[in-house]
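The values are calculated or read from the model by the stated rules, or taken from the named source; none is laboratory data. Values in this document were obtained by computation on a predicted structure and should not be read as measured data. Glycine also receives a Cβ, built like all others from the backbone with ideal geometry; neighbour counts cover every protein chain displayed.
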Amino acid sequence: MAMDVKNSERLLSSILDSARAEADAILAQGKERAGAIQAEAQAEAARIAQEAEAKAMAARTDVLERSRTNAGLDARKAALAQRRAVVDAAFEEALGAMCQLDEAARKDLLKKLLLENAEGGECISPAQGDAASLAQLLPAVNQTLAQGGKAPLTMGDPRPGIQGGFFLVGASYELNCSFEALLRDLRETEVSKVADLLFG
């Protein structure tokens, strides 16, 4: 009977030792697995952080690039606006100079405009300041037109809103030969050359 108790104790001790060893192995395995999971989680967290940092860097670079582009566009717009203002001032000055021409030079310009643009038979609607000069030029201009087989021009009422020159009014059309229109047409064709002269 004493032998059975000893055997039972040994068996129990062996079972306990085996259970402890198994528990220790399971615990070690659990710790190892927990360590692996923790390492994976840390690696994933590092990857996510790195990805977020790369995205933030890309977004910051994009914002900076857009800011640079916008600043460049704004600077070009401002420079263009300044150039346009200078060109506008140059053409305003040219209009002022045309309006200040002495009487002989102004008459020459008006006569040239009439002969270059009249088809014959139109009515001249002059700027208030050029009405008298155009009336004086009319006989000579009509004589030149008649030599070319064109009908004579007639004088009409002054045209408000123009500083110099005239309108030629035909049966179905109007031709703007005002100083303002001449400079506007010149501006459209010559603006790049004027800008080159001013800023080149």
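Give the number of residues within segment 157-171 that are over 14 Å from Leu183 (Cα atoms) and either crowded, with 19+ Cβ neighbours inside 10 Å or acidic (Asp, Glu) (or both).
Step one: list which residues in segment 157-171 are over 14 Å from Leu183 (Cα atoms), which gives 157-161, 167-171.
Checking the rest, the ones that are also either crowded, with 19+ Cβ neighbours inside 10 Å or acidic (Asp, Glu) (or both) come to 157, 159, 167-168.
The number of residues fulfilling the criteria is 4.
Just checking, how many residues over segment 126-156 are assigned to a helix (DSSP H, G or I), in contact (Cβ under 8 Å) with a residue 12 or more places away in the chain and surrounded by 16 or more Cβ atoms within 10 Å (Cβ to Cβ)? The number of residues fulfilling the criteria is 8.
Apart from one condition, Asp102 fits all of (1) loosely packed, with under 10 Cβ neighbours inside 10 Å; (2) at pLDDT below 75; the exception is (2).
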